[in-house]
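Below: one structure, written as structure tokens.
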Amino acid sequence: MVDIKNNLQQVRAEIAKAIERRRPDLNEEVKLIAVTKNHTIDEMRYAIDNGVDNIGENRIQEASKKFSTLDRKVTKHLIGHLQTNKVKSAVQMFDLIHSVDSEHLAIAINNTAQSINKIQNILIQVNLANEETKTGIEYENLNELINLIKELKNLKLEGLMMIAPNFDDVENCRPLFKHMYQIFSELKNQNANVKYLSMGMSHDYKIAIEEGANMIRVGTAIFGARNYNL
Ligand SMILES: *Cc1c(COP(=O)(O)O)cnc(C)c1O
């Protein structure tokens, strides 16, 4: 049996240790998002009972089913790729969408948000590793997307997100995290709303925090292996 409570304690202790190891100017707190995709509503509730207040899901249908039975207030994060035809449900459901990676998606989210009078908080997902299989906007197109989003009045850009490749040696993530932090710092200097750098998952969150992440998305290290038969 997976001991979610104990795992949460361990992850929180590791977060605190990683914060100690980083440069003194990176002294802000780190938000832990518990990623509940492919885990049950009971596991989600148990984590919330044990202090989790940020939940990450990556599929609209699964998230909708689970959130509809949830009677507690949590901050809801969409961390997975978003298709245009699911934008409406996503805007209705999520507090922060991490995966904005194209102009047409930004425009679609803005239009839907406008139609329901919502300011949608978003992050731009950046693809620094340039792997063909990964989603995220490539660095050379990032500024153009940022400039477009400035014009979209129902979007509030709160930061950047990245998914590091699954290297055999997790230390290989470090230069990518460092680079991402530089990009984030520059953006933060230009835009007062920008505050989150979402990077780091179960296998690499300690390094991500050392390099300046202030939002991490952790599933397996809290809930154990995902159940794809749910
Ligand atoms: C599934 C997922 C996570 C969590 O991954 P773990 O390795 O289980 O911690 C984080 N971020 C994104 C975008 C994901 O899809």
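Scan region 160-174 and give yes if some residue there is away from the ligand (no atom under 14 Å from the Cβ), part of a loop (DSSP other than H, G, I, E, B) and out of contact with any Leu (no Cβ under 6 Å at 6 or more places or on another chain), otherwise no.
yes
Would you be able to say whether some residue in region 48-68 is touching a residue at least 40 places away in the same chain (Cβ under 8 Å) and away from the ligand (no atom under 16 Å from the Cβ)?
Yes, the conditions are met somewhere in region 48-68.
Looking only at residues that are hydrophobic (A, V, I, L, M, F, W, C) and part of a helix (DSSP H, G or I) in region 105-120, which one is most open to solvent (accessible area, probe 1.4 Å)?
I107
Identify, from the list K76, K88, the residue that is within 15 Å of the ligand (Cβ to nearest atom) and surrounded by 15 or more Cβ atoms within 10 Å (Cβ to Cβ).
Only one candidate passes the filter, namely K76.
Test S102 against the stated conditions and say whether it is buried (at least 16 other Cβ atoms within 10 Å of the Cβ) and touching a residue at least 40 places away in the same chain (Cβ under 8 Å).
Yes, satisfied.
Test K178 against the criterion of being touching an Asp or Glu at 6+ places or on another chain (Cβ under 9 Å), in a helix (DSSP H, G or I) and either surrounded by fewer than 16 Cβ atoms within 10 Å (Cβ to Cβ) or of a type in the set (A, V, I, L, M) (or both), and give yes or no.
Judged against the criteria, K178 is a match.
Suppose we filter region 72-90 for residues that are touching a helix residue (DSSP H, G or I) at 6+ places or on another chain (Cβ under 9 Å) and either hydrophobic (A, V, I, L, M, F, W, C) or not in a helix (DSSP H, G or I) (or both); how many remain?
Summing the residues that are touching a helix residue (DSSP H, G or I) at 6+ places or on another chain (Cβ under 9 Å) and either hydrophobic (A, V, I, L, M, F, W, C) or not in a helix (DSSP H, G or I) (or both) in region 72-90 gives 9.
Return the residues of region 153-166 that are farther than 30 Å from I116 by Cα and in contact with a helix residue (DSSP H, G or I) (Cβ under 6 Å, 6 or more places away or on another chain); say none if nothing qualifies.
A164
Residue-wise test of (1) away from the ligand (no atom under 16 Å from the Cβ); (2) touching a strand residue (DSSP E or B) at 6+ places or on another chain (Cβ under 7 Å); (3) at pLDDT below 95.
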| residue | (1), (2), (3) |
| --- | --- |
| K178 | yes, no, no |
| K188 | yes, no, no |
| V194 | yes, yes, no |
| M201 | no, yes, no |
| I207 | no, no, no |
| E210 | yes, no, no |
| A213 | no, yes, no |
| G219 | no, yes, no |
| N229 | yes, no, yes |
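Which residue out of G212, G219 is crowded, with 19+ Cβ neighbours inside 10 Å, touching a residue at least 24 places away in the same chain (Cβ under 8 Å) and on the phi > 0 side of the Ramachandran plot?
Values: G219 fails: on the phi > 0 side of the Ramachandran plot.
Residue meeting the stated conditions: G212.
Filter region 49-60 for residues that are under 18 Å from the mean Cα position of the chain (by Cα) and either within 14 Å of R226 (Cβ to Cβ) or assigned to a helix (DSSP H, G or I) (or both) and give the result.
G56, E57, N58, R59, I60
In region 32-42, which residue that is away from the ligand (no atom under 13 Å from the Cβ) and not in a loop (DSSP other than H, G, I, E, B) is least open to solvent (accessible area, probe 1.4 Å)?
Only one residue fits best here, namely I41.
With the condition kept exactly as written, say whether any residue in region 16-24 is assigned to a loop (DSSP other than H, G, I, E, B) and either open to solvent by 60 Å² or more (accessible area, probe 1.4 Å) or of a type in the set (D, E) (or both). First the steps, then the outcome.
Step one: filter region 16-24 for residues assigned to a loop (DSSP other than H, G, I, E, B), giving 22-24.
With the extra rule that they be either open to solvent by 60 Å² or more (accessible area, probe 1.4 Å) or of a type in the set (D, E) (or both), the set shrinks to 23-24.
Within region 16-24, one or more residues are assigned to a loop (DSSP other than H, G, I, E, B) and either open to solvent by 60 Å² or more (accessible area, probe 1.4 Å) or of a type in the set (D, E) (or both).
The values are calculated or read from the model by the stated rules, or taken from the named source; none is laboratory data. It should be emphasised that the depicted structure is a prediction, and the values quoted were computed from it without experimental measurement. As a convention, Cβ positions derive from the backbone with ideal geometry for all residues, glycine included, and neighbour counts pool all protein chains shown. Heavy atoms of the whole protein, side chains included, go into the accessibility calculation; ligands, DNA and RNA do not. Shrake-Rupley method; radii C 1.70, N 1.55, O 1.52, S 1.80 Å.
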